[in-house]
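Novice: Have a look at this one before I ask anything.
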Amino acid sequence: MPVARTADGADIEWEEHGSGEPLLLIAGQGVSRRTWDLLIPALSPEFRVITYDHRGIGPSTLGDAPEWTTRALASDAITVLDAADVDRAHVVGHSMGGRIGQWLAIDHPERMASLTLISSTGGDARGHARPTHATAALAGGDLAVLGPYFFGDAFRTEHPHVLGMLARSDAPIRARRGHFQASSTHDAWDDLGGIPVPTLVIHGTDDEITLIANGRDLAARIPGAVFLEVPGGHGIHLESPAVRDAILAFARAHPI
């Protein structure tokens with residue numbers, strides 16, 4: 001697989017599927033790019049789909065990360081685009097990937113044709129707090145407990161391997177702590193109004209990991225953003241055909 005080398009020496013492994021306009025998928029906190037695999041077959045016939053592992057996840061190395069912030073992780077995404085020789089791309093981010101996508105649109109709007117934010121927020125500290133039982137499920141890491149917060153019963157039964165990707169016990173502790181720090185300290189609320197990129201915000205009506213009120217507020221802060229509510233939890237990007245259709249339609253509507 002190709003590797004993108006960051007300024008601080010991290011090797012970010014990435015891959016691509018299909019052809020057409022570039023579409024970059026950014027995964028959530030501490031999870032592998034493999035979590036996008038179920039979605040890629042629906043996107044790659046029409047787009048050049050690019051995925052990558054965040055630093056410290058899977059084969060991607062840690063480097064000498066000067067700081068763990070979503071803004072710094074957005075620089076890693078730019079490094080991937082550069083390595084793939086992509087000037088502009090459609091960007092889709094899930095959860096922490098959406099937080100990273102916000103900084104891409106704020107700091108590098110010229111590199112983006114469209115932005116889709118799924119199950120994301122402008123920041124926890126000034127957002128709507130998740131219920132304590134959801135926080136406990138995340139902290140515990142028990143997939144039997146955590147799974148229902150992401151997917152419905154039928155999807156978990158049909159795709160049990162996806163649940164295993166939610167708990168990256170094989171990632172170095174420094175990476176897991178770094179990703180948690182980056183995601184939990186994210187705060188882009190005051191900068192969202194400056195995003196000039198066409199933006200679609202998608203959120204699950206039953207999401208208790210990131211409450212839907214955060215998605216509504218996110219869309220309200222971004223000029224011209226479109227907001228779509230979809231039945232489901234935190235993993236609607238994989239479970240819901242409506243999300244796949246929306247990603248495709250939005251990218252088509254904003255060609256490079």
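Novice: Can we say ILE202 is part of a helix (DSSP H, G or I) and either closer than 13 Å to HIS94 by Cβ or hydrophobic (A, V, I, L, M, F, W, C) (or both)?
Specialist: Values: part of a helix (DSSP H, G or I): no; either closer than 13 Å to HIS94 by Cβ or hydrophobic (A, V, I, L, M, F, W, C) (or both): yes.
Here the answer is no, as ILE202 does not meet what is asked.
Novice: What do you reckon, is ILE50 at pLDDT 95 or above, in contact with a Gly (Cβ under 6 Å, 6 or more places away or on another chain) and hydrophobic (A, V, I, L, M, F, W, C)?
Specialist: On the way: at pLDDT 95 or above: yes; in contact with a Gly (Cβ under 6 Å, 6 or more places away or on another chain): no; hydrophobic (A, V, I, L, M, F, W, C): yes.
Judged against the criteria, ILE50 is not a match.
Novice: Return the pair list, or none, for Cβ contacts closer than 6 Å from residues in region 152-165 that are outside any helix (DSSP H, G or I) to residues that are surrounded by 11 or more Cβ atoms within 10 Å (Cβ to Cβ), at least 6 apart or on different chains.
Specialist: Final answer for the pair search is MET165/VAL31; MET165/SER32; MET165/ARG34; MET165/THR35.
Novice: Conditions: (1) modelled with pLDDT of 95 or more; (2) surrounded by 18 or more Cβ atoms within 10 Å (Cβ to Cβ); (3) part of a helix (DSSP H, G or I). ARG252 meets all but one. Number of the miss?
Specialist: (2)
Novice: Within region 118-146, track down each residue that is at pLDDT below 90 and either outside any loop (DSSP other than H, G, I, E, B) or touching a strand residue (DSSP E or B) at 6+ places or on another chain (Cβ under 8 Å) (or both).
Specialist: ALA134, THR135, ALA136, ALA137, LEU138, ALA139, GLY140, LEU143, ALA144, VAL145, LEU146
Novice: Has region 170-191 got any residue that is under 20 Å from ILE57 (Cβ atoms), touching a Ser or Thr at 6+ places or on another chain (Cβ under 6 Å) and not hydrophobic (A, V, I, L, M, F, W, C)? Give the steps one after another, and end with the answer.
Specialist: Here is the first cut: in region 170-191, the ones under 20 Å from ILE57 (Cβ atoms) are 170-186.
Subsequent filtering for residues that are touching a Ser or Thr at 6+ places or on another chain (Cβ under 6 Å) retains 182, 186.
Of the ones still in play, those that are also not hydrophobic (A, V, I, L, M, F, W, C) are 186.
The answer is yes; a qualifying residue exists.
Novice: Does HIS234 meet the test of being touching a residue at least 12 places away in the same chain (Cβ under 8 Å), assigned to a strand (DSSP E or B) and either out of contact with any Cys (no Cβ under 8 Å at 6 or more places or on another chain) or β-branched (Val, Ile, Thr) (or both)? Don't jump to the end; show me each part of the working.
Specialist: On the way: touching a residue at least 12 places away in the same chain (Cβ under 8 Å): yes; assigned to a strand (DSSP E or B): no; either out of contact with any Cys (no Cβ under 8 Å at 6 or more places or on another chain) or β-branched (Val, Ile, Thr) (or both): yes.
For HIS234, the condition - touching a residue at least 12 places away in the same chain (Cβ under 8 Å), assigned to a strand (DSSP E or B) and either out of contact with any Cys (no Cβ under 8 Å at 6 or more places or on another chain) or β-branched (Val, Ile, Thr) (or both) - is not met.
Listed here are the residues, each with its yes/no results for (1) within 19 Å of LEU146 (Cβ to Cβ); (2) free of Cβ contacts under 8 Å to residues at least 40 places away in the same chain; (3) not charged (D, E, K, R).
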| site | (1), (2), (3) |
| --- | --- |
| ARG174 | no, no, no |
| LEU200 | no, no, yes |
| GLY204 | yes, no, yes |
| ARG221 | no, no, no |
| SER240 | yes, yes, yes |
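Novice: So which residues in region 90-115 are part of a loop (DSSP other than H, G, I, E, B) and either more than 19 Å from HIS254 (Cβ to Cβ) or in contact (Cβ under 8 Å) with a residue 60 or more places away in the chain (or both), if there are any at all?
Specialist: Narrowing region 90-115 to residues part of a loop (DSSP other than H, G, I, E, B): 95, 108.
Within region 90-115, SER95 is the sole residue that qualifies.
Novice: Just give me the residues in region 176-188 being surrounded by fewer than 23 Cβ atoms within 10 Å (Cβ to Cβ), within 17 Å of the chain's Cα centre (by Cα) and not in a loop (DSSP other than H, G, I, E, B), in sequence order.
Specialist: ARG176, PHE180, GLN181, SER184, ASP187, listed by residue number.
Novice: Also: May I ask you to list the residues in region 166-175 that are crowded, with 17+ Cβ neighbours inside 10 Å and in a loop (DSSP other than H, G, I, E, B)?
Specialist: Matches in region 166-175: LEU166, ARG168, ALA171.
Novice: Would a scan of region 212-228 turn up a residue that is hydrophobic (A, V, I, L, M, F, W, C), buried (at least 17 other Cβ atoms within 10 Å of the Cβ) and more than 17 Å from the chain's Cα centre (by Cα)?
Specialist: Yes, that holds for at least one residue.
Novice: Which of (1) part of a strand (DSSP E or B); (2) more than 16 Å from the chain's Cα centre (by Cα); (3) under 25 Å from THR157 (Cβ atoms); (4) not aliphatic (A, V, I, L, M) is the odd one out, the single condition ASP245 does not satisfy?
Specialist: Going through (1) part of a strand (DSSP E or B); (2) more than 16 Å from the chain's Cα centre (by Cα); (3) under 25 Å from THR157 (Cβ atoms); (4) not aliphatic (A, V, I, L, M) one by one, ASP245 breaks only (1).
Novice: Would region 194-209 turn up any residue that is over 24 Å from ALA249 (Cα atoms) and either in contact with a Phe, Trp or Tyr (Cβ under 9 Å, 6 or more places away or on another chain) or buried (at least 21 other Cβ atoms within 10 Å of the Cβ) (or both)?
Specialist: yes
The values are calculated or read from the model by the stated rules, or taken from the named source; none is laboratory data. The shown structure was predicted, so the numbers you read here are calculated from the model rather than taken from an experiment. Please note: Cβ atoms are built from the backbone with ideal geometry, for glycine as well, and neighbour counts cover all protein chains shown.
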